[in-house]
1. Tell me, what is the percent relative contact order of segment 382-438, built from C-alpha pairs under 8 Å that lie six or more residues apart?
2. Would you mind working out the magnitude of the charge dipole of the chain relative to its Cα centre, with +1 at each Lys and Arg C-beta and -1 at each Asp and Glu C-beta, to the nearest 20 Debye?
3. Report the chymotrypsin sites (Phe, Trp or Tyr not before Pro) located in segment 179-263 that are in a DSSP loop and have at most 14 other Cβ atoms inside 10 Å of their Cβ, or state none.
4. Which of Ala228, Ala18, Leu119 sits farthest toward the positive end of the charge dipole of the chain, with +1 on the Cβ of Lys and Arg and -1 on the Cβ of Asp and Glu?
5. With a ≥ b ≥ c taken as the square roots of the eigenvalues of the C-alpha gyration tensor of segment 483-532, please select rounded if a/c is under 1.5 and otherwise prolate if a/b is larger than b/c or oblate if it is not?
6. Taking the simple approach of a point 7 Å from Cα along Cα-to-Cβ for both Lys505 and Glu469, what is their distance in nm?
7. Assuming R0 = 60 Å, can you tell me the calculated FRET efficiency for the pair Ser221 and Arg369, based on Cβ-Cβ distance, to the nearest 0.05?
8. Work out the length of the dipole vector of segment 483-532 about its Cα centre, built from +1 on the beta-carbon of each Lys and Arg and -1 on the beta-carbon of each Asp and Glu, and round it to the nearest 20 debye.
Amino acid sequence: MELGAVLEAVEGRGGAEAVEHVLARFNEENQTIFRFDPADEDKRKKLCEGILNILEEDTKTSCQVACLEALRILSRDKKVLVPVTTKRNIQILMRLAKLDAVEDPLERVSEFPVIVEALKCLCNIIFNSAVAQKLSLELNLAAMLCSLLEKCKDQQFVDDIKCFDLRLLFLLSLLHTDIRSQLRQELQGVQILTRALESSLSVRWMEEYKAAEDRDRPPLSLQETDCAIEALKALFNVTLDSWNVHSENESHQFRYMAAILRHCLLTTGPTEDKTEELHSNAINLLSNIPVSCLDVLISPSSQEETDIKYNGMNMGAIQILLDFMEKRIDKGSSYREGLTPVLSLLTECCRTHRNIRKFIKAQVLPPLRDVSNRPEVGTTVRNKLVRLMTHVDLGVKQIAAEFLFVLCKERVDSLLKYTGYGNAAGLLAARGLLAGGRGDHWYSDDEDTDTEEYKSAKPNINLITGHLEEPVPNPMDEMTEEQKEYEAMKLVNMFDKLYRDELIKPMGVRPDGTMAPLEEAVNQYHTNKQDSSDSD
């Protein structure tokens, strides 16, 4: 449909019914359009202004919906938003979204499509316009959204309103740091958003931090899943930098949130992809919760429960995290965005909570029996994680190595047993542990026991590769002394040439276990030895 004809109808050259009919046709033809013809930019700007003029008047609901749908489509184009992003126009949309009269209940079901479309328009406009983001702070939009969200919690048939209210709160908290602070400190945003998440997941409580587990419960609907995802995303923004808990009330709030997230991990969505998206956002939020509050992820397991147990504790949520981690590894792409959050979360849980660490170690690093293959070769979770220790992405290989190191209670000898020195060298160099030892964190003193198969193979294991190698003949056994000397000098000359060409730099290990240029490392050893002699 020609844009000129739509503009002509909107600017008043046709009646209200004609406007509604023309816009309905325009919406149907352009609902999947995200790129627009630059030549029609001025017409689209005038069309936006005309639509907002109609919306300012008291028109019937069906016409309002058609106008808002058209405005939502047009607001996908950042270039047409200049006339839209005025205080007057944002207030028009806020009024239609029921964000200007917080005391009015949501009673008229016929108004719900108008509210939803107005919220969708605000989402597009605020996402695409820095001016609108500033106006949202001036107009106290976040407070209005929190009030609307509270009105939604006891109302039926408002899932769409709730979903787009949460999406708008997510965008505001993402794009404007002042609004993020306002939500956290003034508007009780953490509590409000947590209640919205709890409502979306239909949580029923058995104890203070333990939700009921109904194995026969059907998956969440698409609307419920989308609402939960939007709440999780908004909560993630609002809880950034929440590592330090300063009061008992904050500790309770985060434990309460962690208990809801545990229930979320044990919940499924309508499809496998939606379930993965739900769990991914739950994991992101768990990463913001102080690690001291994550003990609620495990709970004492009753006799009648058939969930995965360890030491009498229900480990169902931890198993979900492990399965999610392995699934992300198997994808083989986007490790930094998709894998590092769950690896970081598991690492911190293992570092702080003994039962979680012991359960995960039993799954990831079971006692070694067959050491005939290199640690990075195979299909077990251990093999996959060891392969990541030499990944090209520095962040990915660091967190994979750190996770395995924590499972080994930060003991170098234990880590080398499972990974080999070659795979672990990067972590050990970064931690100053090339000479051996253990990390700074304290762990329980319980000892790992080696299997008989490992004990018998241990003397023949190559410490660099971490696997059992068959004895091979020494090629130097059949050489004369002159041949050995010739090969040695040949090797020296090769290294010398690489050094002179600045292709390599000889390195050594300082007394503290860190890497340094060879001359510096040697000098430090001599200095330490001299100091030791002087003290004697």
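1. Details: 45 pairs, mean separation 17.2, N = 57.
In percent, rounded to a whole number, it is 30.
2. Values: 64 positive and 87 negative charges, 103 e Å.
That gives the chain a dipole magnitude of about 500 debye.
3. Numbers: sites: Trp205, Tyr209, Phe236, Trp243, Phe254, Tyr256; in loops: Tyr209, Trp243.
Answer by residue number: Trp243.
4. Of the options given, the answer is Ala18.
5. Taking the square roots of the gyration eigenvalues as a ≥ b ≥ c, segment 483-532 is prolate.
6. For Lys505 paired with Glu469, the spin-label model returns 2.9 nm.
7. In this case the efficiency is close to 0.80.
8. On the way: 7 positive and 9 negative charges, 26 e Å.
It comes to approximately 120 debye.
The values are calculated or read from the model by the stated rules, or taken from the named source; none is laboratory data. The structure displayed is predicted, hence computed values, not measured ones. Because the Cβ atoms are built from the backbone with ideal geometry, glycine has one as well, and the counts that use them run over all protein chains shown. Protein only, heavy atoms only, side chains kept; ligands, DNA and RNA dropped before computing areas. Shrake-Rupley method; radii C 1.70, N 1.55, O 1.52, S 1.80 Å.
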